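Engineer: Got a structure for you, written out below as structure tokens; questions coming shortly.
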Amino acid sequence: MKNTGTPGGMRLKALREYAGKTQLDVELDANLGMGYLQRVESGKVRHPERDTLERILTALDARYTERRDTLEMFGYI
């Protein structure tokens, strides 16, 4: 069975691809473990900590509305 991911994970992947960054680029910029972003994007990590998401979004240079919408997709208001 293929893991299709979560709306939030798919959103992060789209933002990352739009920014032209690799998963490794973002992991290094956000001070994450290797492979962590892949697990979030694929839905294996369904509810990352808010601080972790904030660091990922900062590494992606996400705009305010992108940050807000992505955080909401993971259940943060």
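The values are calculated or read from the model by the stated rules, or taken from the named source; none is laboratory data. In this text, all values refer to a predicted model and were calculated from it rather than measured experimentally. Counting neighbours? That spans all protein chains shown, and the Cβs are built from the backbone with ideal geometry, glycine included. Side chains are part of the model used for accessible areas, which takes the heavy atoms of the whole protein and leaves out ligands, DNA and RNA. Shrake-Rupley method; radii C 1.70, N 1.55, O 1.52, S 1.80 Å.
Engineer: Output the residues belonging to segment 57-76 that are open to solvent by 90 Å² or more (accessible area, probe 1.4 Å) and within 18 Å of Lys21 (Cβ to Cβ).
Structural biologist: Result: Asp61, Arg63.
Engineer: Are any residues in segment 21-38 among the β-branched types (Val, Ile, Thr) and assigned to a helix (DSSP H, G or I), and if so, which ones?
Structural biologist: Residues of segment 21-38 that are among the β-branched types (Val, Ile, Thr), as a first pass: 22, 26.
Val26 - this is the single residue of segment 21-38 that is among the β-branched types (Val, Ile, Thr) and assigned to a helix (DSSP H, G or I).
Engineer: I've got another one for you. Which residue is farthest from Arg67 (Cα to Cα), if the candidates are limited to segment 4-14 and must be hydrophobic (A, V, I, L, M, F, W, C) and open to solvent by less than 70 Å² (accessible area, probe 1.4 Å)?
Structural biologist: Taking segment 4-14 first, the residues hydrophobic (A, V, I, L, M, F, W, C) are 10, 12, 14.
So of that shortlist, the ones also open to solvent by less than 70 Å² (accessible area, probe 1.4 Å) come out as 12, 14.
Numbers: Leu12: 10, Ala14: 13 Å.
Looking at the filtered set, the residue picked out is Ala14.
Engineer: From the residues in segment 57-77 that are touching a helix residue (DSSP H, G or I) at 6+ places or on another chain (Cβ under 9 Å) and not in a helix (DSSP H, G or I), which one is nearest to Gly5 (Cα to Cα)? So that I can check it myself, show each step before the final result.
Structural biologist: Here is the first cut: in segment 57-77, the ones touching a helix residue (DSSP H, G or I) at 6+ places or on another chain (Cβ under 9 Å) are 57-62, 66-67, 69-77.
Retained after the next criterion (residues that are not in a helix (DSSP H, G or I)): 60-62, 74-77.
On the way: Leu60: 19, Asp61: 22, Ala62: 20, Phe74: 12, Gly75: 15, Tyr76: 18, Ile77: 21 Å.
Among those that are touching a helix residue (DSSP H, G or I) at 6+ places or on another chain (Cβ under 9 Å) and not in a helix (DSSP H, G or I), it is Phe74.
Engineer: Another question, if that's okay. For segment 29-38, what are the residues that are farther than 19 Å from Leu71 by Cβ and surrounded by 13 or more Cβ atoms within 10 Å (Cβ to Cβ)? Steps first, please.
Structural biologist: Kept after step one, since they are farther than 19 Å from Leu71 by Cβ, are these residues of segment 29-38: 33-35, 38.
Selection gives Gln38 alone.
Engineer: Same structure again: Would you point out which residue out of Glu54, Glu17, Glu41 is in a helix (DSSP H, G or I), open to solvent by less than 20 Å² (accessible area, probe 1.4 Å) and of a type in the set (Asp, Glu)?
Structural biologist: On the way: Glu54 fails: open to solvent by less than 20 Å² (accessible area, probe 1.4 Å); Glu17 fails: open to solvent by less than 20 Å² (accessible area, probe 1.4 Å).
Selected residue: Glu41, the only one of Glu54, Glu17, Glu41 that is in a helix (DSSP H, G or I), open to solvent by less than 20 Å² (accessible area, probe 1.4 Å) and of a type in the set (Asp, Glu).
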